[in-house]
Amino acid sequence: MPIKIALAGNPNSGKTTMFNDLTGSNQYVGNWPGVTVEKKEGRLKGHKDVILTDLPGIYSLSPYTPEEIVSRNYLINEEPNAIINIVDGTNIERNLYLTTQLTEMGIPVVIALNMIDIVRKKGDSIDIKKLSEKLGCEIIETSALKGTGSNEAVSKAIALAKQKTKTIAQHKFSELVEDSLSKIASYIENTISPNLLRWYSIKLFERDQKVWEQLALDEKIRSKIDSIIAECEKQLDDDSESIITNERYNYIADVIKDCYVRKNTSRLTVSDKIDRVLTNRLLAFPIFAAIIFLVYFISVTTVGGWATDWVNDVLFGEIIPPAVEGFLESVNCADWLSSLILDGIIGGVGAVLGFLPQMMVLFLCLSILEDCGYMARIAFIMDRIFRKFGLSGKSFIPIIIGTGCGVPGIMASRTIESEEDRKMTIMTTTFIPCSAKLPIISLIAGAFFPGSLWVAPSAYFIGIVAIICSGIILKKTKALSSSPAPFVMELPAYHIPGIKNVAFQIWDKSKSFVKKAGTIIFLASGLVWFLSNFNWQMQMVDAPDSILASLGSIIAPIFAPLGWGTWEAAVATLTGLVAKENVVGTFGVLYGFQEVAEDGVEIWSTLQASFTMLSAYSLLVFNLLCAPCFAAIGAIRREMKSPKWTFIALGYQTVLAYAVSLCIYQLGMLFKGNGFNVFTAIAIVVIIGFIYLLLRRPNNKDRKNSSAKKVGKAVLGGAKL
Amino acid sequence: MFSLRDAKCGQTVKVVKLHGEGALKRRIMDMGITRGCEIYIRKVAPLGDPIQINVRGYELSLRKSAAEMIEIQKSS
């Protein structure tokens, strides 16, 4: 039987750093059942029989957020042999609040008192022995950043797990509460194991809905317990949940008073001084703009861009293909096979791997921003704006990065804690035109709107409006209405990021990206190559006679209401799924040119013959908003962690693209005096539906929230707003 | 009766009572804002919302709509 040890602690307590340190690369990343909260497990370095589980960063074991629910379910159902509770020594009061809850679960607990080096540097001191006695569990001083103490903490946990010494919570609530708890315990002691009796009694007392549902006590007992709680609430003039929370914090304050000596009581720390500048009323936005520009400049324009260009143009342009070609010729490889390998696989996978260097540089920048604490400040200063569109302040970063490339943009959504906000950001990030969509814009602008200055800006404008409107619409749906954990956010103290931690994050993300390129994208590229090089008789042909072309003519009528129901346009849009740059290239091939310039100047006149200004613009809009390239779809799949949500995202994007293009084309035709037809009517219905979705009342959870707010307002009555 | 929303930057206030219910209230209390604790109002975000406070020795930000649920009295 392997020993199972759970790592639990607040966000920003250094938990993940310690986990990485203890397990190294022996990690398995998965999902907690039913939610898209990441589940990380790993084997302890050098001890194959010890499995560590990194629980999500949580402040409490309340029943309100998915992170808290999966954590407590894990602790109750899986019964790990020990818990290592990572406590941030610089923020001990709030961190111990979770500790008081963990020690009630009948599992051996070891406290890793982390960031002890920073505590000492500040000149504070903690009486470990006393604290350990008062809390009833062993305490090991650690510094995860420096890698000290972690091994000691884990061996202590292993020892406790082997001895099976359960930690017994030392804190007692007030007499009245303890009295009620023991009465409640007497009703349930036959059904609950003695280890968890106290935990369940407290949860019942708190009126924890999940526990009440789970235990399904019979009606008589329920009403008896209910009256016990009501009596206690009446006497203490507060609701039971508040009573427990209050008493926990009072107890902690009491413990701290005896064990923690603060040297410097001044309110201004170094971190506060940095904050004075970075979130200053006047400077906050200029500094934010400068930092975002710097991130963008380093990762997309310069360092990352150069590296990506090199990989695309040199490595996958001049080095690998000629070498492989030479080899294939030397072994007399069949034409079709060398075409598959060169054009299909190397071309397709290369196009995706080309993004890797750019992404690595970007993730370097983002992990530094996240690790040093600036990301929370971005949310702080941007919250006001993005809240209006139903997004979080942190959604701004993926969108900005998305202008360079949607793949890192989608992956940057990682830093958004709320699951719903993250899903919405992933769904909307690729609306902003990425650099690969620029050739499409220049093709359409050059061929149909020569000299006009509004086409390119309008593409960005449409992207931004699509994001804002989607935010408002999606927020009102049942699945994405905001979770009831709103914006009450810790602003962690600034600190210098750990190099090991940053490097680990980059490695972790790059690895999964390469894996994706090697699997899904590999297959997709092969498939598109096959479809565009063969006809139904399995003979190798040029693109205009291929299966793809015949499929194109089948689906082309779908796009007829958008004004571009030609098979060329349909095929170009399909190949855009491999990479958006392909759209222009495909037009070139289909119109009989071998090579076209990036803006496709050679095919302008051909295009002008088959499109009008209106239909060309509709084509442009559709290609900007519809499902992104395979690389970005892969990123969506990875970040959503659910096939269902990947399909929802792609479906939403494509439907929106279709609806917007339809309205643009049909209403444009109407204004041009082309008369009213059935599609004009559909377009008008779509617009009315769209306005309804924008203005309708939000669904369920949200409504509950706002009514709770109204109650709050009514209670406060005269309080000034 | 004052709520945290009425407090000015730089003031230190004492929590009297928490209004409201459910997840938001629990979250506020889990973060350490409980009856009797002291709160120092650090600043207001550049756009006027949310606010940043110091409670139990760390920095916390919350929206004014949540601050409204926290009834306070001004400490001396």
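In a fully extended conformation the segment linking A:His47 and A:Phe461 would gain 143.5 nm over its present Cα-Cα distance, using 0.36 nm per residue. Using R0 = 56 Å, the C-beta based FRET efficiency linking A:Ala503 and B:Met1 works out to 0.60. Net charge within 12 Å of B:Lys14 by Cβ-Cβ distance, Lys/Arg positive one each and Asp/Glu negative one each, not counting B:Lys14 itself? That works out to +1.
Protection proxy ranking of A:558-570, A:183-195, A:634-646, A:158-170, by the mean of other Cβ atoms within 10 Å over each peptide's residues and highest first, is A:558-570, A:634-646, A:158-170, A:183-195.
Here the accessible area is traced with a 1.4 Å probe on the protein chains. For chain A, carbon and sulfur cover 62 percent of it.
Neighbours of A:Phe690 by Cβ distance under 14 Å: Lys/Arg scored +1, Asp/Glu scored -1, total +2.
The mean sequence separation of alpha-carbon pairs under 8 Å and at least six residues apart, normalised by the residue count of the range A:16-150, gives a relative contact order of 19 percent. Shielding of peptide B:34-40 by partners, expressed as the average count of other chain Cβ atoms within 10 Å per residue Cβ, is 4. For the range A:635-677 versus the range A:95-159, the spacing of their alpha-carbon centroids is 53 Å. Angle check, please: helix A:438-448 long axis (alpha carbons) against the longest principal axis of chain A (alpha carbons), in degrees 0 to 90, nearest 10. The helix A:438-448 is inclined about 40 degrees to chain A.
Averaging the Cα positions of each part gives two centres, and for the range A:546-584 and the range B:1-46 these lie 58 Å apart. Note on A:Phe690/A:Leu453: beta-carbon distance plugged into 1/(1 + (r/R0)^6) with R0 of 35 Å gives a FRET efficiency of 0.80.
Helical runs (DSSP H, four residues minimum) scored at -39500 (n - 2.57) apiece and divided by the length of chain A put the mean residue ellipticity at 222 nm at -18000 deg cm²/dmol. Skip the ligands, DNA and RNA, and give the accessible area per residue of chain A with a 1.4 Å probe, whole Å². Ligands and nucleic acids excluded, the figure is 44 Å² per residue. Legend: distances between Cα atoms for A:Lys121/B:Lys14; A:Lys134/A:Lys156; A:Lys234/B:Lys8; A:Lys210/A:Lys423; pairs beyond 27 Å are A:Lys121/B:Lys14; A:Lys234/B:Lys8. Over chain A, what relative contact order in percent results from Cα pairs under 8 Å that are six or more residues apart? Once divided by the residue count of chain A, the mean separation gives 10 percent.
Quick check on the range B:2-74: take the gyration tensor over C-alpha atoms, sort the square-rooted eigenvalues as a ≥ b ≥ c, and tell me if it's rounded (a/c under 1.5), prolate or oblate. Cα axes put the range B:2-74 in the rounded bin.
Extending 7 Å from Cα along the Cβ direction at A:Arg276 and again at A:Lys234 yields two label points whose distance is 5.4 nm.
A crude spin-label estimate for the pair A:Gln27 and A:Lys220, with each label 7 Å from Cα along the Cβ direction, gives 5.3 nm.
If R0 is taken as 22 Å, the Cβ-Cβ distance between A:Ser186 and B:Glu21 corresponds to a FRET efficiency of 0.15.
If you count, for every residue in A:660-667, the Cβ atoms of partner chains within 10 Å of its Cβ, what is the mean?
0
Which one of A:Pro357, A:Ile84, A:Leu620 has its Cα pushed farthest toward the positive end of the charge dipole of chain A, where Lys and Arg give +1 and Asp and Glu give -1 at the Cβ? It is A:Ile84. Measure nothing fancy, just the Cα-based angle from helix A:419-429's long axis to the longest principal axis of chain A, in degrees from 0 to 90, nearest 10. The answer is roughly 20 degrees.
Annotation for the range A:1-75 versus the range A:437-488: alpha-carbon center distance of 37 Å.
Within chain A, the proportion of Cα pairs with more than 45 Å between them is 33 percent. In a reduced charge model with +1 at each Lys and Arg Cβ and -1 at each Asp and Glu Cβ, the range A:3-163 shows a dipole moment near 300 debye about its Cα centre.
When only Cα pairs below 8 angstrom with a gap of at least 6 residues are kept, the range B:2-74 shows a relative contact order of 44 percent.
May I ask for the net charge around A:Asp239, where only other residues with Cβ less than 14 Å from the Cβ of A:Asp239 are counted and Lys, Arg are +1 while Asp, Glu are -1? Neighbour charge sum, excluding A:Asp239 itself: -4.
Per residue, chain B reaches -4000 deg cm²/dmol at 222 nm when only DSSP H runs of four or more residues are counted, each adding -39500 (n - 2.57). The DSSP beta bridges internal to the protein assembly as shown are antiparallel in roughly 65% of cases.
Interface area, chains A and B: about 4600 Å² of buried accessible surface, summed, with a 1.4 Å probe and ligands, DNA and RNA left out.
The values are calculated or read from the model by the stated rules, or taken from the named source; none is laboratory data. As the structure is a prediction and not an experimental result, all values here were calculated from the model. Here the Cβ is made from the backbone with ideal geometry for all residues, glycine too, and neighbour counts use every protein chain on show. We work out accessible area using only protein heavy atoms, side chains counted, and drop any ligands, DNA or RNA first. Shrake-Rupley method; radii C 1.70, N 1.55, O 1.52, S 1.80 Å.
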